Ligand code: PLP
């Protein structure tokens with residue numbers, strides 16, 4: 001199990017049992033609590049008629065992540081003597097599923113954990129989910145009059161609902177609507193900081209970032225609010241440097257820069273009391289604890305201490321009261337909570353068929369050359385041998401194209417070539433330095449394991465930004481995995497694959513897997529997929545939403561299936577792209593009836609065809625056994 005780095009990226013939530021199965025550990029009160037095997041969960045899902053692929057949501061982990069974030073800030077504030085407090089606001093866009101948002105609101109209530117809304121729809125989710133009036137609702141994004149009215153009505157109900165200004169153009173509208181409704185708004189301003197961060201989302205920071213107010217615009221905002229008699233409403237300063245910030249030093253630099261604005265805005269008369277750092281708290285997806293972009297060089301605890309200390313150090317010399325620290329941490333709250341489970345449907349090998357004892361006598365000269373080139377492969381001539389076998393293979397292909405050798409001869413040549421490559425690859429570990437051209441040979445020869453899932457639907461960031469997610473078999477972990485593979489999905493798209501994997505010594509291009517047995521399913525899990533993946537997923541090849549199950553692990557190690565949801569049927573996905581499944585059925589029935597009239601099929605053939613069509617409309621979009 002060390003092969004997969006599970007202890008490094010698992011955050012303490014995942015491990016391997018003595019039976020060789022991946023287990024989920026449910027933390028309770030900071031202690032390692034009960035564990036449940038993912039294989040037991042998979043069997044339970046099957047008994048409930050939920051076929052693979054299944055997105056498994058682990059509710060206990062949502063609770064644990066909220067606790068860790070809030071407790072870590074509380075601890076950091078206590079040890080440093082910070083006078084303010086922490087208020088989290090979960091950004092709904094990171095996982096909008098109602099069960100997740102409801103669980104965050106329910107469990108987060110004890111910490112006054114609030115929600116961040118980037119649109120009218122998300123504000124409506126926040127208003128109908130949050131019970132606690134101490135929790136914040138932070139409204140980001142461009143706001144029209146309807147959005148503003150909704151937020152102002154929320155103020156009347158006692159919600160701490162902040163409008164964060166993304167542009168100066170929002171100011172006159174907020175002033176007008178608050179006068180019209182007779183309620184003072186709570187206003188924040190988003191800064192455009194010049195601090196740049198590394199990683200995939202670096203564009204969110206720096207002078208050319210799309211969002212936020214420049215120093216010039218900020219001064220205009222202060223003047224407009226003062227003129228309207230609403231400067232007392234300007235209470236929050238916001239910045240967002242990007243998601244998944246790999247380096248803690250950039251976060252500290254960003255906080256310092258924001259504090260400079262804070263100090264001067266207070267001097268301008270704005271009664272600021274909240275400092276909102278946006279998102280960015282990163283996840284260690286590949287277990288390397290590095291600035292690789294799939295990881296980060298700090299822990300949640302270190303993040304909290306650094307933020308708290310930076311604000312103190314910047315504000316204390318100016319005798320400014322410590323603000324309430326707000327973060328809109330999304331990824332760090334929910335990434336751990338979902339696991340995608342799927343089964344392997346088929347395996348493609350690049351192993352050669354057994355070679356004959358001797359070269360057939362009438363073989364073409366180029367086949368004979370290839371045969372001899374393979375015989376002489378040795379550790380001291382691997383590059384030369386690779387050049388030779390590739391040259392002869394190309395010659396054989398050219399001859400086939402010119403019609404000089406037959407299909408069978410070409411197939412024999414391709415098999416010899418594979419045998420040559422396998423022999424070279426097997427000798428590579430004997431070299432001190434592997435020639436550059438041969439480095440990718442093991443990957444070229446790796447098996448292809450065909451998985452019952454869609455990268456585009458369930459792991460869109462893996463395709464869009466080459467995000468590494470931890471992948472591993474969830475059983476047979478006491479058995480040595482003897483094969484190297486990449487994982488292909490069900491879409492017939494060359495991008496529908498996983499070919500970068502987390503390992504204990506960095507990322508690898510192939511995954512160690514077990515040979516698939518004919519008699520039993522082979523299950524893999526993709527971990528840390530709870531943030532962004534569900535809503536960014538698309539319908540490529542019309543693979544729809546997967547089945548979903550939410551599970552709660554109890555203290556005795558039992559589990560409760562809290563919520564089950566069947567994924568999209570084929571009729572569902574067809575209707576998403578504007579087909580009318582009933583009209584399609586009618587058209588198909590008319591075609592079948594015409595075929596009966598033409599005498600091409602019998603009446604009972606027609607019945608069978610119509611039944612097959614109806615079954616397919618109702619069926620799961622993924623491979624059903
Ligand atoms: N807040 C804002 C304004 C964002 O744009 C984002 C995401 O990009 C977040 C919060 C969430 O960031 P993260 O998931 O890194 O915590």
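A short reminder: the numbers here are calculations on the coordinates, not readings from a lab. Keep in mind that this is a model prediction, so the values were computed, not measured. A quick note on method: Cβ atoms are made from the backbone with ideal geometry, for glycine too, and the neighbour counts reach across all protein chains shown.
As a calculated quantity, the FRET efficiency between residue 299 and residue 256 at R0 = 25 Å, using C-beta atoms, amounts to about 0.75. The angle between the Cα long axis of helix 407-427 and the main principal axis of the chain comes to about 60°, on a 0 to 90 degree scale. Each residue in 85, 259 was given a count of other beta-carbon atoms within 10 angstrom of its own, and listing them fewest first yields 85, 259.
Give the residues of the stretch 487-525 whose amide nitrogen is closer than 16 Å to a point set 7 Å from the Cα of residue 351 in the direction of its Cβ. Answer for this model: 513-519. Find how much the distance from residue 40 to residue 390 grows on full extension, using 0.36 nm per residue of separation minus their present alpha carbon separation; answer in nm with one decimal. The residue 40-residue 390 span can extend by a further 121.2 nm.
Here the spin labels are modelled as points 7 Å beyond Cα on the Cα-Cβ line, and at residue 520 and residue 406 they lie 4.5 nm apart.
DSSP beta bridges confined to the chain are antiparallel in about 50 percent of cases.
Just check the stretch 9-129 against the gyration tensor rule for me: Cα atoms, a ≥ b ≥ c as the square roots of the eigenvalues, rounded for a/c under 1.5, and otherwise prolate or oblate depending on whether a/b exceeds b/c. Cα axes put the stretch 9-129 in the oblate bin. How tilted is helix 215-227 with respect to the longest principal axis of the chain? Cα atoms for both, answer in degrees (0 to 90, nearest 10). The answer is roughly 40 degrees.
Subtracting the Cα-Cα distance of residue 624 and residue 131 from 0.36 nm times their residue separation leaves 173.3 nm of extension gain.
If R0 is 51 Å, the Cβ-Cβ spacing of residue 536 and residue 597 corresponds to a FRET efficiency of close to 0.55. Cut-off 15 Å, label point 7 angstrom out along Cα-to-Cβ of residue 428: give me the residues of the stretch 469-485 whose amide nitrogen falls inside. From the stretch 469-485, the list is 483-485.
Between helix 120-129 and the chain, what is the angle of the helix's C-alpha long axis to the longest principal axis, kept within 0 to 90° and rounded to the nearest 10? So the helix axis and the longest Cα principal axis differ by about 80 degrees. If you take the square roots of the eigenvalues of the alpha-carbon gyration tensor of the chain and sort them as a ≥ b ≥ c, do you get rounded (a/c under 1.5), prolate (a/b over b/c) or oblate? Because a/c hits 1.5 or more and a/b exceeds b/c, the chain counts as prolate. Relative contact order, whole percent, for the stretch 88-193 stands at 22, derived from Cα pairs under 8 Å and 6 or more residues apart.
If R0 is taken as 41 Å, the Cβ-Cβ distance between residue 439 and residue 564 corresponds to a FRET efficiency of 0.35. Working from label points 7 Å from Cα in the Cα-to-Cβ sense, the residue 578 to residue 71 distance is 5.3 nm.
With a simple spin-label model that places each label point 7 Å from the Cα along the Cα-to-Cβ direction, the separation between residue 220 and residue 398 comes to 6.7 nm.
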